[in-house]
Amino acid sequence: MRARLILMLKFPRSGAVKTRLIPALGAGRACALHRALVAATLATVREFAATAAVAVEVRITGSPDDQAARDWLGVEGTIREQGEGDLGARMERAIAEAFAEGMGQAVVIGGDCPEIRPHHLAAAFGALAEREVVLGPAADGGYYLIGLRRPVPALFRGIAWGGVEVRAQTLAAALTHGVSVAQLEELRDVDTPDDLAVWAATPAAREFGQGGVSVVIPTLNEEEALPATLAAVRAGGAAEIIVVDGGSRDRTRAVARAHDAIALSAEGGRAAQLNAGAAAAVGEFLLFLHADTQPPPGYAEIVRATLARPGVAAGAFAFAIEGEFSGRRLIEAGTNWRARHLGLPYGDQGLFLRRDTFEGIGGFPALPIMEDYALVRRLKSRGDIVVTAEAACTSGRRWRERGAMHTMVVNQMVLAGYALGVAPARLARWYRGE
């Protein structure tokens, strides 16, 4: 039986693709992600088509001409325009033409489901031997694949495309018209900022991020401190900068986007923000940085060189405080002694490690405070914690506003309380002076 696999793709125009990701990524980065997702899909299709008797057709929209589409996709097969109408009308047309041209099966996929693999495509065509329609359910309520063995126009009409009811409405239409449906494994596609972790977990993304340093910065009302930090991070060689906001009421998110950082949101405190940023990162190395802490020049190479040393699980920069105030040098000396001799650096020194190491220890524990301390304690079982000679410079605002001695006492009380088993929620109230 002749079969056709149809890819429905948008030509990569900045501002016209992955539009729901533009507020987080910016138009250029969203377009680059679209390109990467399509490339991953094409690799899967090529792998499947190499062993299956299936004709592959690309249906494209937004391309200036056929040659531009071929230059982008690098394919020699059939490329056609999707034509007019909503997504349903365009899919209905592509399927109808496939059957009119003698196909006995037609399967349609998009280009934004990085979890789809050749065995999913094989299962779709296999399911059509038993059922009239096959759907690949997407976690967002839509579908990443639809296949038919005869035209069923009702499946593509009256559907609220882009909404959470697409799959439910399609199944209801199939039931109404007595069409038998098989469903494949549920997969996740990439449409919104929350979906970035789906892409980051794929082999294609890991390969793309090889050798890169992803910098994750949690924020809460940091519009004043953030610009200088982002400028220093950008200059030091970051592969990507991910700002994860915890509900700022100022212009923090706007500042992040103005500096070409990825701007995400996460609720539940700094640990949740850090974990959300790490999940979306594609770099081989992760650097967790406070919004008011500037890393040393050339930090990306320092991170790579430090973590390349045998037996090193993680690292941090030496500690320095910006500005002059009474007690500054004593605080710096004490912090650096603790970090170097006890192997206990804190988050305001910039903690860095390999992504696979971070995932292996389960990320930051869900604590309202001391999440950096708890992470470092977990890491000590994996190897050495190295403090570099180069220093990160953190803002002196805490010490100047609260007083150096008062801040030191509070910090030590919180540390001692944590060691004695005081509830982290209570420690967080102490730290905030509640």
Checklist entry - With respect to the numbered conditions (1) over 27 Å from the mean Cα position of the chain (by Cα); (2) crowded, with 16+ Cβ neighbours inside 10 Å; (3) among the aliphatic types (A, V, I, L, M), which one is the sole condition not fulfilled by residue 392? => result (1)
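Does residue 245 satisfy being in the same structural domain as residue 345 (by TED's automatic domain parsing), of a type in the set (D, E, K, R) and more than 15 Å from residue 218 (Cβ to Cβ)? Explain how you work it out, then say what you get.
On the way: in the same structural domain as residue 345 (by TED's automatic domain parsing): yes; of a type in the set (D, E, K, R): yes; more than 15 Å from residue 218 (Cβ to Cβ): no.
It is false that residue 245 is in the same structural domain as residue 345 (by TED's automatic domain parsing), of a type in the set (D, E, K, R) and more than 15 Å from residue 218 (Cβ to Cβ).
Any residue at all in region 330-352 that is part of a loop (DSSP other than H, G, I, E, B) and either polar (S, T, N, Q) or over 31 Å from the mean Cα position of the chain (by Cα) (or both)? Steps first, please.
Just the residues of region 330-352 that are part of a loop (DSSP other than H, G, I, E, B), to begin with: 342-346, 350.
This time we only want the ones that are either polar (S, T, N, Q) or over 31 Å from the mean Cα position of the chain (by Cα) (or both), so: 342.
Yes: one or more hits.
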Next on the checklist: So for region 222-233 (the condition being in the same structural domain as residue 364 (by TED's automatic domain parsing), within 15 Å of the chain's Cα centre (by Cα) and closer than 17 Å to residue 266 by Cα), does at least one residue qualify?
Outcome noted: no
Checklist entry - Restricting the first residue to region 204-215 and requiring it to be within 11 Å of residue 240 (Cβ to Cβ) and surrounded by 15 or more Cβ atoms within 10 Å (Cβ to Cβ), which pairs with a second residue that is basic (Lys, Arg) and modelled with pLDDT of 95 or more meet a Cβ separation below 9 Å and a spacing of at least six or different chains? => result 209/355; 213/304; 214/355
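In a helix (DSSP H, G or I), polar (S, T, N, Q) and in the same structural domain as residue 110 (by TED's automatic domain parsing): does that describe residue 170?
Values: in a helix (DSSP H, G or I): yes; polar (S, T, N, Q): yes; in the same structural domain as residue 110 (by TED's automatic domain parsing): yes.
Considered against the rule, which asks whether it is in a helix (DSSP H, G or I), polar (S, T, N, Q) and in the same structural domain as residue 110 (by TED's automatic domain parsing), residue 170 comes out as yes.
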Next on the checklist: Between a residue in region 235-250 that is buried (at least 19 other Cβ atoms within 10 Å of the Cβ) and any residue that is in a loop (DSSP other than H, G, I, E, B) and among the β-branched types (Val, Ile, Thr), which pairs come within a Cβ distance under 7 Å, given they are 6 or more apart or on different chains?
Outcome noted: 240/282
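With respect to residue 159, is the statement that it is closer than 16 Å to residue 90 by Cβ and among the β-branched types (Val, Ile, Thr) true? I'd like the intermediate steps shown before the answer.
On the way: closer than 16 Å to residue 90 by Cβ: yes; among the β-branched types (Val, Ile, Thr): yes.
Criteria met by residue 159.
So which of 197, 172, 182 is modelled with pLDDT of 95 or more and within 30 Å of residue 295 (Cα to Cα)?
On the way: 172 fails: within 30 Å of residue 295 (Cα to Cα); 182 fails: within 30 Å of residue 295 (Cα to Cα).
Result: 197 is the single residue among 197, 172, 182 that is modelled with pLDDT of 95 or more and within 30 Å of residue 295 (Cα to Cα).
Any idea which of 422, 376, 409 is modelled with pLDDT of 75 or more and among the β-branched types (Val, Ile, Thr)? Please lay out each step first, then the result.
Values: 422 fails: modelled with pLDDT of 75 or more; 409 fails: modelled with pLDDT of 75 or more.
Going through 422, 376, 409 in turn, the sole match is 376.
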Checklist outcome for this item: Filter region 362-387 for residues that are out of contact with any Pro (no Cβ under 8 Å at 6 or more places or on another chain) and assigned to a strand (DSSP E or B); the one that is surrounded by the most Cβ atoms within 10 Å (Cβ to Cβ) is 386
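Enumerate the helices (runs of 4 or more DSSP H) found wholly within region 42-145, keeping only those where 1 or more residues are modelled with pLDDT under 95 and of a type outside the set (A, V, I, L, M, F, W, C). Walk me through it before giving the result.
Numbers: elements: 66-73, 87-100, 118-127.
Answer list for region 42-145: 66-73.
Could you list, in sequence order, the residues of region 340-383 that are aromatic (Phe, Trp, Tyr) and in contact with a strand residue (DSSP E or B) (Cβ under 7 Å, 6 or more places away or on another chain)?
Passing the criteria: 352, 358.
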Next on the checklist: Taking the conditions exactly as written (part of a helix (DSSP H, G or I), assigned by TED's automatic domain parsing to the domain that holds residue 372 and in contact with a helix residue (DSSP H, G or I) (Cβ under 9 Å, 6 or more places away or on another chain)), does residue 278 satisfy them or not?
Outcome noted: yes
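Can you tell me which residue among 241, 302, 217 is farther than 27 Å from residue 366 by Cα and either of a type outside the set (Phe, Trp, Tyr) or modelled with pLDDT of 95 or more (or both)? Quick ask: steps written out before the conclusion?
Values: 241 fails: farther than 27 Å from residue 366 by Cα; 217 fails: farther than 27 Å from residue 366 by Cα.
Result of the check over 241, 302, 217: 302.
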Next on the checklist: Suppose we keep only residues that are among the hydrophobic types (A, V, I, L, M, F, W, C) and not in a strand (DSSP E or B) within region 288-304. Which one would you say is farthest from residue 316 (Cα to Cα)?
Outcome noted: 291
Next on the checklist: Which count do you get for residues in region 15-41 that are in a loop (DSSP other than H, G, I, E, B) and surrounded by 15 or more Cβ atoms within 10 Å (Cβ to Cβ)?
Outcome noted: 4
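Considering only region 362-391, state which residues are of a type outside the set (Lys, Arg) and farther than 14 Å from residue 271 by Cα.
379, 381, 383, 384, 385, 386, 387, 388, 389, 390, 391 - these are the residues of region 362-391 that are of a type outside the set (Lys, Arg) and farther than 14 Å from residue 271 by Cα.
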Checklist entry - With (1) modelled with pLDDT of 95 or more; (2) surrounded by fewer than 18 Cβ atoms within 10 Å (Cβ to Cβ); (3) of a type in the set (D, E, K, R) as the list, and residue 402 as the residue in question, which single condition is left unmet? => result (1)
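Identify the residue in region 388-399 that is in contact with a Ser or Thr (Cβ under 8 Å, 6 or more places away or on another chain) and in a helix (DSSP H, G or I) and, among all such residues, is modelled with the lowest pLDDT.
Kept after step one, since they are in contact with a Ser or Thr (Cβ under 8 Å, 6 or more places away or on another chain), are these residues of region 388-399: 388, 392-395, 398-399.
With the extra rule that they be in a helix (DSSP H, G or I), the set shrinks to 398-399.
Numbers: 398: 79, 399: 73.
It comes out as 399.
The values are calculated or read from the model by the stated rules, or taken from the named source; none is laboratory data. Quick caveat, the model's predicted, so the values are computed rather than measured. Positions of Cβ are backbone-derived with ideal geometry, glycine not excepted, and every protein chain shown enters the neighbour counts.
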